[in-house]
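These notes are about the structure you will find just below.
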Amino acid sequence: MRLKDKIAIVTGASSDIGLEISKKFVEEGAKVVLLGRHAEKLEQVRKSIPDYLSKTAAIACDITNEAQVIQTVNQIMDHYGRIDVLVNNAGTITDPIHFHEMQDKDWNSLVDTNLFGTFRITKSVLIKMLENKNGGNIINIGSISAERAIPKVHLTVYCTTKAAINMFTKGLAVEYARKNIRCNCINPGIVNAGMIKSYLDYPEARKVLEDKQPINRIGQPEDVANAAVYLASDEAKWISGAILNVDGGKSASEG
């Protein structure tokens, strides 16, 4: 087991990707704390994880609320005594809209969750990792939208928040390297998860998306989860500050 006895936090754990990461971590021997805004939904998805009673815990936590974040991290430390891995998977996206038509409330939601929310919980967990002096591992889940805009799909502010996460990853990796704390980022491409799932119900729409992929299929949550397991394991102990595109070759292509 590659993550035997590690204590991991996964934010946005009730989402397709967050849940799959949690499952894979448990399969590899970790104990996982699932975080999300809605306790009922968290508990529901948690029950789909084998041995969930002994291997997982679910805590409702809104990462845009600093007091909740601090309280949650303290609660985890009180119970487990340490935190080995933090997976920053929580994020939000808006419907495509021209930038000039956006209101403050539209971009505030994106920035507060995707960027400041990630800042808040990372800071709280980093403090505990430094106090324990046992090192740690932070994995950010970004998007290939950090590197490329999509014609006719107006997501400028979303893309900006994800680009910031790339640099946040590199900055943390360098700043805390001598403290034995690694930080890497996974940037998924088009994955059968979240908002994209409804489009994939239509064969014509699915074919259009698949035809644009160098590897001629849509990604699955487990593709992202497998990458997260690797980065969380000791097999990746000399990897930090990396941006790993899990996208079927899309970011390397012209299309």
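A quick yes/no check of all residues on (1) within 29 Å of GLY248 (Cα to Cα); (2) surrounded by fewer than 19 Cβ atoms within 10 Å (Cβ to Cβ); (3) polar (S, T, N, Q); (4) at pLDDT below 95:
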{"residue": "THR122", "(1), (2), (3), (4)": "yes, no, yes, no"}
{"residue": "LEU126", "(1), (2), (3), (4)": "no, no, no, no"}
{"residue": "ILE141", "(1), (2), (3), (4)": "yes, no, no, no"}
{"residue": "THR156", "(1), (2), (3), (4)": "yes, yes, yes, yes"}
{"residue": "ILE186", "(1), (2), (3), (4)": "yes, no, no, no"}
{"residue": "TYR199", "(1), (2), (3), (4)": "yes, yes, no, yes"}
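For the range 218-227, which residues satisfy the criterion of being surrounded by 20 or more Cβ atoms within 10 Å (Cβ to Cβ) and at pLDDT 95 or above?
Going residue by residue through the range 218-227, those that are surrounded by 20 or more Cβ atoms within 10 Å (Cβ to Cβ) are 218-219, 221, 223-225, 227.
Matches in the range 218-227: PRO221, ASP223, VAL224, ALA225, ALA227.
Which residues, taken from the range 228-246, are surrounded by fewer than 19 Cβ atoms within 10 Å (Cβ to Cβ), over 20 Å from GLU20 (Cβ atoms) and touching a helix residue (DSSP H, G or I) at 6+ places or on another chain (Cβ under 9 Å)?
ILE239, GLY241, ALA242
Can you tell me which residues in the range 207-227 are in contact with a helix residue (DSSP H, G or I) (Cβ under 8 Å, 6 or more places away or on another chain) and hydrophobic (A, V, I, L, M, F, W, C)?
Once the filter is applied, which keeps residues that are in contact with a helix residue (DSSP H, G or I) (Cβ under 8 Å, 6 or more places away or on another chain) and hydrophobic (A, V, I, L, M, F, W, C), the range 207-227 yields LEU209, ILE218, VAL224, ALA225.
Which ones in the range 204-242 are assigned to a loop (DSSP other than H, G, I, E, B) and under 15 Å from the mean Cα position of the chain (by Cα)?
Passing the criteria: GLN220, ALA242.
If you check every pair at least six apart or on different chains, which have Cβ atoms under 6 Å apart with a residue in the range 27-39 that is in contact (Cβ under 8 Å) with a residue 12 or more places away in the chain and surrounded by 17 or more Cβ atoms within 10 Å (Cβ to Cβ) first and a residue that is among the β-branched types (Val, Ile, Thr) and part of a loop (DSSP other than H, G, I, E, B) second?
LEU35/THR11
Got a sec? Which of ALA39, ALA30, ALA60, ALA90 is within 20 Å of CYS159 (Cα to Cα) and under 19 Å from the mean Cα position of the chain (by Cα)?
Just one listed residue meets the conditions, ALA90.
I need a count of the residues in the range 114-159 that are more than 16 Å from the chain's Cα centre (by Cα) and assigned to a helix (DSSP H, G or I).
10
The values are calculated or read from the model by the stated rules, or taken from the named source; none is laboratory data. The model shown is predicted, which means the values in this text are computed figures rather than measured ones. Glycine gets a Cβ as well: all are built from the backbone with ideal geometry, and neighbour counts include every protein chain shown.
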